[in-house]
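Asks: Take a look at this one; I'll ask things after.
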Amino acid sequence: MRGAYSLLLELCAEHAYFPAGASGNFRFVPTAQCAALLDRFGILTRPSAHGLALVAQDAARADLQGGHEHAAELEFGVLSTDPHFSLFTGLDAPAPDACLFFHSARAQAEGPGRWRLHPEQLAGPAAWRRARVPDKAAALAAPGAPARPAFFMVLALADVAAALAQAAAPVWLVRFGARASVWTYHFLSELDAPDPVIVDLDGKLRFSARGRTPLPGNRSALTFASEQAIEMRKTPQQRLQLRDQGELGIRILIKRLPNASVAAIGREITEGSAVPVLVSEIYIP
């Protein structure tokens, strides 16, 4: 009688942009070579709450730890379900053909049974690889695939065997930070207020008036910008309000201002700096 299947290992991807770093925003796809290897071992893949679960019978676990195919590797392309991954992820590609590549050879232990596939707490620029033959990244990022993965995760079977000797169901993870941008509000209509200000109801952010910004069509907008960059989130939690704080007291003009969208990002050179900064443009009719 065939034995029951149990959890063998998990692949996990966390991103600060998503609520609670949710892995449900990523889809893990084995390469053809990996799919054949999984089939040979009788390993099945299942979506999990944290990413992708690999389940197998005891015989497969014993085979993996037996060391017969330690030169082989499990290769997964990981696709983001959000098309703006490159915009909200704090990593700039060094070249158009570069890909983010995470290998178990660089894994760092992160608590019992957990290994992070990059040395830093968050994935850094060292994860970029140029897709050049015969580099492993070149084969994985080869053109012609139906959808280009956001990144790749590769586990050497030798590293999997070593992890299984330490944990019943090891977890391999990557963790991304989110970009930060300066929020810039442009008020297109004239405000019936002599002293308008943007107030953070949580008291964490400050906004400065930037005067009027020229716009196409011989128009202009009253502009305010955050004094600090704000990390991007899929669902921003900021509570911002437009007020008039004149001599007659405080008057609320807009009870809750809309938060920035990742789809409206630009770069600008700020005064006193030669380095362009990311700016989220928010236009208020």
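Asks: Quickly run through region 228-267 and pick out the residues that are surrounded by fewer than 13 Cβ atoms within 10 Å (Cβ to Cβ), of a type outside the set (Gly, Ala, Ser) and closer than 22 Å to SER86 by Cβ.
Replies: Result: THR235, ARG267.
Asks: Here's something else I'd like to know. What are the pairs with Cβ atoms under 8 angstrom where one residue, in region 99-126, is acidic (Asp, Glu) and the other, located anywhere, is surrounded by 13 or more Cβ atoms within 10 Å (Cβ to Cβ)? Sequence gap at least six, or different chains.
Replies: GLU110/ARG116; GLU110/LEU173
Asks: Does region 6-23 hold any residues that are out of contact with any strand residue (DSSP E or B) (no Cβ under 8 Å at 6 or more places or on another chain) and either within 18 Å of LEU64 (Cβ to Cβ) or outside any loop (DSSP other than H, G, I, E, B) (or both), and which are they?
Replies: PRO19, ALA20
Asks: Can you report the number of residues in region 155-178 which are touching a Phe, Trp or Tyr at 6+ places or on another chain (Cβ under 9 Å), assigned to a strand (DSSP E or B) and over 18 Å from SER48 (Cβ atoms)?
Replies: Final tally of qualifying residues: 2.
Asks: Among the residues of region 236-267, write down those that are of a type outside the set (Val, Ile, Thr), in a strand (DSSP E or B) and touching a residue at least 24 places away in the same chain (Cβ under 8 Å).
Replies: Listed by number, the residues that qualify are LEU240, GLN241, LEU242, ARG243, ASP244, GLN245, GLY246, ARG251, LEU253.
Asks: To continue, here is another question. Taking only region 148-200 into account, find how many residues are among the β-branched types (Val, Ile, Thr), farther than 21 Å from PHE85 by Cα and within 26 Å of the chain's Cα centre (by Cα).
Replies: Total satisfying the criteria: 3.
Asks: Among the residues of region 211-247, write down those that are among the charged types (D, E, K, R) and over 30 Å from the mean Cα position of the chain (by Cα).
Replies: ARG212, ARG219, ARG243, ASP244, GLU247
Asks: Answer yes or no as to whether ASP200 is modelled with pLDDT under 95 and assigned by TED's automatic domain parsing to the domain that holds ALA221.
Replies: no
Asks: Kindly list the number of the only condition in (1) surrounded by 21 or more Cβ atoms within 10 Å (Cβ to Cβ); (2) farther than 30 Å from VAL279 by Cα; (3) modelled with pLDDT under 95 that fails for THR31.
Replies: Single failed check for THR31: (1).
Asks: If I filter region 117-134 down to residues being touching a Phe, Trp or Tyr at 6+ places or on another chain (Cβ under 8 Å) and part of a strand (DSSP E or B), which single residue comes out as farthest from GLU73 (Cα to Cα)?
Replies: This residue is TRP128.
Asks: Considering only residues that are exposed (fewer than 13 other Cβ atoms within 10 Å of the Cβ) and either in the same structural domain as ALA107 (by TED's automatic domain parsing) or small (Gly, Ala, Ser) (or both), which ones fall in region 159-197?
Replies: If the condition is that a residue be exposed (fewer than 13 other Cβ atoms within 10 Å of the Cβ) and either in the same structural domain as ALA107 (by TED's automatic domain parsing) or small (Gly, Ala, Ser) (or both), then ALA165, GLN166, ALA168, SER189 are the ones that fit.
Asks: Among the residues of region 228-235, is there at least one that is outside the structural domain of GLY90 (by TED's automatic domain parsing), part of a loop (DSSP other than H, G, I, E, B) and of a type in the set (A, V, I, L, M)? Before the answer, list the steps.
Replies: As a first pass, look at region 228-235 and keep what is outside the structural domain of GLY90 (by TED's automatic domain parsing): 228-235.
Next, from what is left, pick out any that are part of a loop (DSSP other than H, G, I, E, B): 228-229, 232-235.
Restricting the remaining residues to those that are of a type in the set (A, V, I, L, M) gives 229, 232.
Checked against the condition, which is being outside the structural domain of GLY90 (by TED's automatic domain parsing), part of a loop (DSSP other than H, G, I, E, B) and of a type in the set (A, V, I, L, M), region 228-235 yields at least one hit.
Asks: In addition: I'm trying to understand the selection: among the residues of region 205-227, which are surrounded by fewer than 15 Cβ atoms within 10 Å (Cβ to Cβ), touching a residue at least 12 places away in the same chain (Cβ under 8 Å) and assigned to a loop (DSSP other than H, G, I, E, B)?
Replies: Scanning region 205-227 gives a single hit, GLU227.
The values are calculated or read from the model by the stated rules, or taken from the named source; none is laboratory data. Note that the structure is predicted; figures quoted are calculated from it, not measured. Cβ coordinates were reconstructed from backbone atoms using ideal geometry, including for glycine residues, and neighbour counts include every protein chain displayed.
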